[in-house]
Amino acid sequence: MRRVLLVTCLVVLLSPLAEAQGIRLGVGAFGGWNIPIAQDDQGTGTAFGVMGRIRVLSIFVAEPNITFGKWGNPDVIRGIDLGIEGSKITSYGINALVGNLPGIVGVKPFGFVGASIYSIKNDDTGYDESKLGYSAGLGVGYGFAPTFDIDIRGTAVVAPQEKGSKKAVYISGGLTYYFKVGN
Amino acid sequence: MKKYIRYLPATGLLLAAVIIAGCLLSATFVIREPIKFTMQNDFYFQQVNLTDNATWKEHGDQIDFIDAVGMVLYITSGESGNVTFNAYVDKYSGPSSSPASVPTTATKVINDLQVPPGKTKITYKKSLTIITGLDRLKALVKAGQFDFYATSSSGFGSSFRVDSGEVIVTFSAHD
């Protein structure tokens, strides 16, 4: 495990930054699975959204994003069929990434942390909470061209509530298009 | 290099799992308690006790909040027209309680539900739209035990009866 982490760090830090010159800004879209963690009353659903990608320092990328998620209808729980829909989870916030730099062709592993306002709402139960939460994860991108990337990532989401929190894992894939800005 | 890179998504999930495990201080549970009304002096009465539920026993002392309270009711009415049905909750009055009427301190949770002749099922989803006094109901549910009363405009216990039902509680608790 230590070797894997070491190699990951080296790949991130020694990426050919020179290739990224002039490309600092991108826009993208993503989508995938939205898996509730330890929530009896929610099933696996979907999440999709849009994001911007801005290289802010040599190895950092800021990723403002809006995500529209919905958990699935709950399964029958200990014989209880609730017959209601899963909650909607909408968020807007920003991720800070190490790696997956714009403008680089090839494999680009990355890690990230994020902060977002998470709004969880269920029309059937009337549940409605909105609070600042956080996320973290890892992924790997692949640059087909200096202006076009894809990536897959796993994101752990913790959305605090009035007390306690709701948690989920997003497994998503995304596409990003980059603009050449500056020299 | 590729050998290591292909482990990254799995490593990401592992990291996510570790983060979530570290934050797994709360979870959401759904439990149910049967409704078995008894006739007490011309009205329905039951003491609902959630504390015997296995999930409640495990997490009842660490409840953060009650997410939702609903119920399922199976009602049979032999009346020729609609019957007006009301339900109330109040704090647990003790094991030997035998009330003769709905106390003035009770909170109405079903208000003038019109029950047509024949068999009627109030689903959990439907109940969420008709339950009133939700703040008091959630507070009583959080206490684990409460008194549950019901009245109907006619046919008490004979031509009109609540055959069965369940109180369904969704709550979030920490470990």
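The values are calculated or read from the model by the stated rules, or taken from the named source; none is laboratory data. In this text the structure is predicted, and so the values were computed from the model without any measurement. Every residue, glycine as well, gets a Cβ built from its backbone with ideal geometry; the counts of neighbours run over all protein chains shown.
Please verify whether A:GLU85 is within 30 Å of B:MET71 (Cα to Cα), surrounded by 17 or more Cβ atoms within 10 Å (Cβ to Cβ) and in contact with a strand residue (DSSP E or B) (Cβ under 9 Å, 6 or more places away or on another chain), treating the condition exactly as stated. Against the criterion (within 30 Å of B:MET71 (Cα to Cα), surrounded by 17 or more Cβ atoms within 10 Å (Cβ to Cβ) and in contact with a strand residue (DSSP E or B) (Cβ under 9 Å, 6 or more places away or on another chain)), A:GLU85 qualifies. The listed residues are B:VAL72, B:VAL18, B:VAL30, and the only one of them that is modelled with pLDDT of 90 or more, within 17 Å of A:LYS167 (Cα to Cα) and within 14 Å of chain A (Cβ to nearest Cβ) turns out to be B:VAL30.
Residues in the range B:61-76 that are assigned to a strand (DSSP E or B), over 13 Å from B:ALA150 (Cβ atoms) and out of contact with any Lys or Arg (no Cβ under 8 Å at 6 or more places or on another chain): B:ASP67, B:ALA68. If the condition is being more than 14 Å from every other protein chain (Cβ to nearest Cβ), in a loop (DSSP other than H, G, I, E, B) and on the phi < 0 side of the Ramachandran plot, then the range B:101-155 contributes B:SER101, B:VAL102, B:PRO103, B:THR104, B:THR105, B:ALA106, B:PRO116, B:PRO117, B:SER153, B:SER154.
Just to be sure before I move on: is A:TYR118 of a type in the set (Ser, Thr, Tyr), part of a strand (DSSP E or B) and surrounded by fewer than 22 Cβ atoms within 10 Å (Cβ to Cβ) in the structure I sent?
no
Within the range B:24-60, being part of a strand (DSSP E or B) and over 28 Å from B:SER98 (Cβ atoms) holds for B:SER26, B:ALA27, B:THR28, B:PHE29, B:VAL30. Quick one: would you say A:TRP71 is farther than 27 Å from A:TYR177 by Cα and either not in a loop (DSSP other than H, G, I, E, B) or not aromatic (Phe, Trp, Tyr) (or both)? For A:TRP71, the condition - farther than 27 Å from A:TYR177 by Cα and either not in a loop (DSSP other than H, G, I, E, B) or not aromatic (Phe, Trp, Tyr) (or both) - is met.
Only a single criterion out of (1) under 21 Å from A:GLY45 (Cα atoms); (2) more than 7 Å from every other protein chain (Cβ to nearest Cβ); (3) assigned to a strand (DSSP E or B) is not satisfied by A:GLU85, namely (3). Here B:THR120 meets the list (1) in contact with a Gly (Cβ under 8 Å, 6 or more places away or on another chain); (2) within 14 Å of B:VAL72 (Cα to Cα); (3) not aliphatic (A, V, I, L, M) almost entirely, failing just condition (1). Between B:SER172, B:SER158, B:SER101, B:SER152, the distinction of being buried (at least 19 other Cβ atoms within 10 Å of the Cβ), farther than 27 Å from B:LYS57 by Cβ and small (Gly, Ala, Ser) belongs to B:SER152 only.
Only one of the numbered conditions (1) free of Cβ contacts under 8 Å to residues at least 60 places away in the same chain; (2) more than 12 Å from chain B (Cβ to nearest Cβ); (3) touching a Phe, Trp or Tyr at 6+ places or on another chain (Cβ under 9 Å) is not met by A:LYS70, and that is (3).
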